[in-house]
Amino acid sequence: DAGVTQSPTHLIKTRGQHVTLRCSPISGHKSVSWYQQVLGQGPQFIFQYYEKEERGRGNFPDRFSARQFPNYSSELNVNALLLGDSALYLCASSLATSGQARGFGPGTRLTVT
Amino acid sequence: AQSVTQLDSHVSVSEGTPVLLRCNYSSSYSPSLFWYVQHPNKGLQLLLKYTSAATLVKGINGFEAEFKKSETSFHLTKPSAHMSDAAEYFCVVSEPPGGGGNKLTFGTGTQLKVEL
């Protein structure tokens with residue numbers, strides 16, 4: 001079975017632009033979470049979606065938004081990019097929202113110049 | 001609020017010697033705890049998880065961790081380090097089950113170096 005997949009793997013954007021990152025969960029998983037990992041730090045929680053509804057939001061500005069589709073895949077959108085948005089963006093999936101281990105994707109490396 | 005503290009940012013061991021990566025947690029509830037490993041330019045891989053069953057948890061690649069409520073600790077150990085164990089290790093706590101939202105809170109990571 002395929003694990004969590006993310007696209008693109010790398011992305012370079014200019015300040016002020018918009019970006020969309022995509023994630024496909026492990027087959028059968030209905031919950032998707034997004035994390036931001038800045039170089040040298042641990043991942044920080046951005047969003048969690050379950051059954052297409054937002055179930056949790058981390059301490060990120062409104063420039064960050066996400067959605068989940070009927071097939072449980074998800075998109076993370078970031079508007080008005082700042083240099084500080086440069087990071088590895090990780091997607092994780094799980095069966096449900098309860099305290100279960102997540103399968104993580106390889107991440108999208110976003111560089112903002 | 002939940003949190004984890006990884007007590008060492010860097011740990012260096014010789015191949016074949018034991019590994020100890022320390023983690024303390026803070027949680028208002030009975031926590032779910034995890035250890036993840038991240039190799040360079042790779043995604044996060046689950047090593048093991050504690051979810052209120054046995055306090056000694058065995059994971060992949062010979063790693064294990066012991067949940068000690070009295071010490072609020074969840075240290076990761078391995079009897080004999082291998083060169084392939086060199087990576088970044090994250091201790092993680094999860095909010096309790098139920099309700100909406102179930103985020104993982106990561107520690108700052110411990111970089112494990114294994115020397116010949």
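Here A:58, A:28, A:107 are screened, and the one residue that is at positive phi and within 14 Å of another protein chain (Cβ to nearest Cβ) is A:107. If we keep just the residues of the stretch B:26-36 that are in contact with a strand residue (DSSP E or B) (Cβ under 8 Å, 6 or more places away or on another chain) and surrounded by fewer than 21 Cβ atoms within 10 Å (Cβ to Cβ), which is modelled with the lowest pLDDT? So, considering only residues that are in contact with a strand residue (DSSP E or B) (Cβ under 8 Å, 6 or more places away or on another chain) and surrounded by fewer than 21 Cβ atoms within 10 Å (Cβ to Cβ), the one modelled with the lowest pLDDT is B:27. Across the stretch B:37-51, the number of residues qualifying as surrounded by 13 or more Cβ atoms within 10 Å (Cβ to Cβ) and at pLDDT below 85 comes to 3.
Collect the residues in the stretch A:31-63 that are in contact with a Lys or Arg (Cβ under 9 Å, 6 or more places away or on another chain) and more than 22 Å from residue B:93 (Cβ to Cβ), keeping them in residue-number order. Of everything in the stretch A:31-63, those that are in contact with a Lys or Arg (Cβ under 9 Å, 6 or more places away or on another chain) and more than 22 Å from residue B:93 (Cβ to Cβ) turn out to be A:51, A:52. In the set (1) open to solvent by 20 Å² or more (accessible area, probe 1.4 Å); (2) in a strand (DSSP E or B); (3) under 16 Å from residue B:111 (Cβ atoms); (4) touching a Leu at 6+ places or on another chain (Cβ under 9 Å), residue B:8 fails one condition alone, (2). Contact map, the stretch B:87-116: residues that are under 19 Å from residue A:37 (Cβ atoms) and in a loop (DSSP other than H, G, I, E, B) paired with residues that are open to solvent by less than 10 Å² (accessible area, probe 1.4 Å) and at pLDDT 95 or above, Cβ distance under 6 Å, separation 6+ or inter-chain. Pairs shown: B:107/B:90; B:107/B:91; B:109/B:90.
The values are calculated or read from the model by the stated rules, or taken from the named source; none is laboratory data. Small disclaimer: the values here were computed from a predicted structure and weren't measured. Using ideal geometry, Cβ is built from the backbone for each residue, glycine included, and neighbour counts are taken over all protein chains shown. In case anyone asks, the SASA skips ligands and DNA or RNA and just uses the protein heavy atoms, side chains included. Shrake-Rupley method; radii C 1.70, N 1.55, O 1.52, S 1.80 Å.
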